[in-house]
1. Could you work out how much longer the chain between residue 66 and residue 360 gets when fully extended? Use 0.36 nm per residue separation minus the Cα distance between them, nm to one decimal.
2. Between residue 48 and residue 133, what is the FRET efficiency for a Förster distance of 22 Å, r being their Cβ-Cβ separation, to the nearest 0.05?
3. Given 0.36 nm per residue, what is the gain on full extension from residue 116 to residue 308 after removing their alpha carbon distance, in nm?
4. As a quick test, which of the pairs 237/364; 60/165; 189/375; 165/209; 209/364; 12/92 have an alpha carbon distance above 28 angstrom in this structure?
5. Students often check this: by mean Cβ neighbours within 10 Å, which of 299-305, 106-112 ranks highest, and how do the rest follow?
6. Length gain on complete extension for the stretch residue 22 to residue 174, per 0.36 nm per residue less the alpha carbon to alpha carbon distance?
7. Calculate the FRET efficiency for residue 11 and residue 165 from the Cβ-Cβ distance with a Förster distance of 30 Å, rounded to the nearest 0.05.
Amino acid sequence: MMFEVAEEENKKIRALLVGAPNTDISELEGLTDTLGYEIARSMTLARLEENPVYGLGKGKAAEIAALAEEVDADIIIFDFELLPRKQRNWEKLAKRPVIDRQEVILRIFADRAQTREAVLQVELARLEYSLPRLAHSYGDMARQRGGNFGAKGSGETQLELDNRKVREKIARVKRELAQVVRNRQTQRKRRERYSLPTCALAGYTNAGKSSLLNALTGSDVFVENKLFATLDPTTRKLQILPPVKPDADPQTYLPPATVLLTDTVGFISHLPHSLVNAFKSTLEEAQHADIILLVLDAGDEHAESQYATVVSVLEEIAASQKPRIIVLNKIDTLSDADPRLAHLRSLFPDAIEVSTKNRTGFDKLLVRLYDEAKKSM
């Protein structure tokens, strides 16, 4: 059984969001908004059950299906992973498409991929995600394709044929992506020949990394107040003048430091492993950087947990031991009397507070960058 969401002109797809127990559903709401869907209703489950049919009790499942009908939702989105069999069961019950958080992220990435590398990475992730869900496209119909007269066996079902085609596509995309990765490695080696220190801007999605890159280098990297506005790494050159110290010997000459700043794809909690694997070549920019500029949105109430997510991903790609500068961005969204600011300052006493909007805090950030760049050269 397969459902398609009808997209009429000027009519947004309405989604019913279902969150896991003891979790904040606001992130799924942000993802849904980025995808361009309208949120018909959001709800959080009180508990989950080890139920092989739906993952929760049949009564609660029926209640959710009825609520989707009541609020006129075109689709139901769960904030946790749905196994393929449970996804099929949900669609039979609700009579409408049912997807999970992972598929939402994949759809966003598919919409935003621009370069050949990003397109291939997203395609690989979607193919690997869809492979165990092919039966979801056919429901109970396993059409048999007969063999030639006199041949042994009854041939392959359409599902088996499609399964083989997807595996062949995965192999092809991996080959193409491997070539793109080799090209990126060649570009990286060219940069390394100039012995310039590299700095990767890492952080949660929508923390303001691209805006900070633009403000520091005067470039025009695409910026949008939505999740995953940046999928492709962008590198810009930044020349930093040496800091003027009052007690410095006027005869001592300190040369400027030139740093290569690279904007990277934003992180997010529970990032699907298929995407972590697919975007490994992009994330390698952080892995090979001399310095990590870890950007946090100071105005986000979840900044602390977002920091933990970024550190977790950096550990996963073996980049957690790099010299790290923590930047509290969007500091203009908090007043000095805000207790959240005091809490962030206690958590990150060495962090640099900046505002790309008001262009404040850049002097301190450049001094720190200069010092770290000199250490790494």
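Just so you know, all these numbers are worked out from the coordinates, no wet-lab data involved. Since the structure is predicted, the reported quantities are computational estimates derived from the model, not experimental observations. Every residue, glycine as well, gets a Cβ built from its backbone with ideal geometry; the counts of neighbours run over all protein chains shown.
1. Taking residue 66 through residue 360 to full extension adds about 100.7 nm, to one decimal.
2. So the FRET efficiency works out to roughly 0.60.
3. 66.0 nm
4. Pairs exceeding 28 Å: 60/165; 165/209.
5. Ranking, from highest mean packing down: 106-112, 299-305.
6. Gain in length upon complete extension: 50.9 nm.
7. For residue 11 and residue 165, the calculated efficiency is 0.35.
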